[in-house]
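One structure is given below, encoded as structure tokens.
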Amino acid sequence: MIDPNRSYEQKSIARAMCAGCNRQLAPDEIYVCAECVNEWLVYRDPHSDMTGDKDG
């Protein structure tokens with residue numbers, strides 16, 4: 001947990017922005033917001049893993 005006396009840590013957490021939409025992250029979010037994660041899970045590319053026999 002963040003020590004309330006360390007203002008630098010509080011400010012750097014408060015400045016964290018979502019990598020997908022640039023909204024401020026909630027305290028339990030690290031890199032992207034929950035809405036962007038849900039969107040990426042729904043719209044992920046099913047053909048991104050091309051490791052079949054034909055691909056070599």
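Details
- Of the set (1) at pLDDT below 80; (2) assigned to a helix (DSSP H, G or I); (3) not polar (S, T, N, Q), all apply to Pro46 but (2).
- Filter result for Arg6 (modelled with pLDDT of 70 or more and charged (D, E, K, R)): no
The values are calculated or read from the model by the stated rules, or taken from the named source; none is laboratory data. Fair warning: this is a prediction, and the values are worked out from it, not measured in the lab.
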